[in-house]
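Sending over a structure as structure tokens; questions will come in a sec.
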Amino acid sequence: MASAMSDRYHRRQRWAARGALAAVALAALLPLVSGGLRGVLLLPVGIAGLALTAAALWWVLSRRGPARMAAATLAAVTPVAVITLFAIADLLWVVVSALLWCLAVWSGRYALRSTGLRPVRVREYRTPPPRRPFLLLNPRSGGGKVEKFALQEKAEALGARVVLLDPERHQDVTALARAAVADGADLLGVAGGDGTQALVAAVAAEHGLPFLVISAGTRNHFAMDLGLDRDDPSTCLDALTDGVEVRVDLGFADDHPFVNNASFGVYGAVVQSPGYRDDKVGAALERLPELLTRQTGPRLTARADGTTIADPQAILVSNNPYRMDDPFGFGRRERLDSGTLGVLAVRVDSAVDAAELLLSPRPEGLTVLTAQHVVVQGDEPQLDVGLDGEALTLTAPVHCRIARRALRVRVPRDRPGVPEAPPRLDWRRLRKLAADVGRTAAPSRSWRP
């Protein structure tokens, strides 16, 4: 019985791999077979259209006045013109070719997923429920989710001491958290943005206390990567009675904690703008021309372990690396306990560089790596930093580090979880799977089931 099931398993794997390769071949041949020479010539036209669109977007961001308006028009018109040309040349083969590429990607992912490979899961620890939980709730966070989901009432009904932050005045959440610890709190939690989460998380990590994330912020990136329910933040309170703990990393820029990332350069400067909170797009468009063309702002240099990154306009240092190789997993972190910082640096000095950034598989202006320690230096004594979306100014150089599994996060035992990231498409491995399943179906040593 087991042998028969194994045979069926390997057959499905083999045919999925073969189907992916066949779909790729057909998608590549279809322009020539269906469109003839005209169809083949349209492919570089499409690529040129993408390049021109990327260049126009660069001009939109780096210019002002009539030049920006003209570039915006070009960015809007170019894709329409390319689609119109394809339609005139018979759009049917374009649609079929696109569908074949989608089929190839789906089949390839299925073949690789069926090998039994699974991403590393964070270990859960069963611990007693807290007796004296302390929660900070920001009533303005997420457009009023605290009131909408009655978080204060539900938390107090579960025995938590709740402090509602006053939106009309600044309050030191770090001091509030430390005072709660001195008063005997055995859990610290926050309903607020990621910046507030990081400050209280650092206090929890310092005292070895569990930390509760309530997904009441606007974006909730940290909550997303923890697998929490972002649609109903009240479900996070289930962790107070029926929860488990996971151990995750905590990032630091000098002594300032972050749960997501620290941004230097363009974003670090834009977030300092007085009107950024109320009009993010307007504030960015106002500052970007001078920042991108280096009329203002420091010239940055980053050292990530043994690698030097010279003169980027933007540097993002993240608490564990973001997934960059797949649009389905873009912007997510596969894990939060690897003990490594992710580093993303971008340098774009012209429209040509912008086009290369979009079209080249390995653009020179993009650096992606991981490191244990990152030092960001500038030619000015102070650096603007966006720390989990909060504006800070730090003295250069800024040392970024990661404290591995320093944070005990208490989460509900039953939660949506992090969507499983699709496996990376490895066409060489797919060819081996299609040719001989028996020799290649075993999981790679670099993966842990």
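Can you tell me the alpha carbon radius of gyration of the chain divided by the globular rule-of-thumb value 2.2 N^0.38 Å?
Details: Rg = 25.2 Å, N = 449, 2.2 N^0.38 = 22.4 Å.
In units of the 2.2 N^0.38 Å rule of thumb, it is 1.13.
In addition: Expressed as a whole number of Å, what is the distance separating the alpha-carbon centroids of the range 368-413 and the range 253-298?
If you average the Cα positions of each part, the centres end up 15 Å apart.
Ignoring ligands, DNA and RNA, what percent of the 1.4 Å accessible area of the range 284-359 is carbon and sulfur?
On the way: 1890 of 3340 Å².
Summing carbon and sulfur atoms, their accessible area is 57 percent of the total for the range 284-359.
Roughly how many Å² is the accessible area per residue of the chain, as a whole number, for a 1.4 Å probe?
Values: 22770 Å² over 449 residues.
Heavy-atom SASA per residue in the chain reads 51 Å².
Which whole-number percent is the relative contact order of the chain (Cα, under 8 Å, 6+ apart)? Provide the component values of the computation, followed by the final result.
Values: 859 pairs, mean separation 93.6, N = 449.
Rounded, it is 21 percent for the chain.
Excluding the sites themselves, what is the longest stretch of the chain that contains no GluC sites (Glu not before Pro) in a DSSP loop with at most 13 other C-beta atoms within 10 Å?
Details: sites that count: E168, E364, E420.
Of all site-free stretches, the longest is 169-363.
Once both axes come from the Cα atoms, what is the angle between helix 92-113 and the longest principal axis of the chain, in degrees from 0 to 90, rounded to 10?
50
What span do the alpha-carbon atoms of the range 212-356 cover on each of the three principal axes, reported in whole Å from largest to smallest?
55, 40, 34 Å, listed from the longest principal axis down.
Could you check the spin-label model distance between A48 and E334? Points 7 Å from the Cα along Cα→Cβ, value in nm.
With each label point 7 Å from Cα toward Cβ, the separation is 3.9 nm.
FRET efficiency for S360 and A435, Cβ-Cβ distance as r, R0 = 45 Å, nearest 0.05?
Rounded to the nearest 0.05, the efficiency is 0.90.
Just add up the charged neighbours of V173: K/R +1, D/E -1, any other residue whose Cβ is under 12 Å from the Cβ of V173. Before the final figure, lay out the partial values.
Details: positive: R178; negative: D166, D172, E390.
That works out to -2.
Something else now. Assuming R0 = 41 Å, what is the FRET efficiency of A81 and E390, from their Cβ-Cβ distance, to the nearest 0.05?
Working: r = 42 Å, r/R0 = 1.03.
In this case the efficiency is close to 0.45.
What is the local net charge at G378, summed over the other residues whose Cβ is closer than 11 Å to its Cβ (Lys, Arg +1; Asp, Glu -1)? It would help to have the intermediate numbers written out before the result.
Working: positive: R299; negative: D311, D379, E380, D384.
The answer is -3.
A follow-up question, please. For K154, which lysines qualify as cross-link partners when the Cα separation must be under 17 Å and same-chain residues fewer than eight apart are set aside?
Reachable lysines: K145.
Moving on. What full-extension length gain, to one decimal in nm, is calculated for T218 and R132 as 0.36 nm per residue of separation minus the Cα-Cα distance?
Details: separation 86, 0.36 × 86 = 30.96 nm, distance 2.76 nm.
Extra length available between T218 and R132 comes to 28.2 nm.
Name the residues whose placed amide hydrogens come within less than 5 Å of the amide hydrogen of V348, ignoring near sequence neighbours (fewer than 5 apart) on the same chain.
Q313
With a cut-off of at most 14 other beta carbons within 10 Å, and DSSP calling the residue loop, which trypsin sites (Lys or Arg not before Pro) in the range 355-416 qualify? Please list them. The partial results should precede the final answer.
Details: sites: R401, R404, R405, R408, R410, R413; in loops: R413.
Here the trypsin sites (Lys or Arg not before Pro) that fit, given the DSSP loop and packing criteria, are R413.
The values are calculated or read from the model by the stated rules, or taken from the named source; none is laboratory data. For clarity, every value in this text was computed on a predicted model and none was experimentally measured. Note that we place each Cβ from the backbone using ideal geometry, even for glycine, and neighbour counts take in every protein chain shown. Surface accessibility is based on the protein's heavy atoms, side chains included, excluding ligands, DNA and RNA. Shrake-Rupley method; radii C 1.70, N 1.55, O 1.52, S 1.80 Å.
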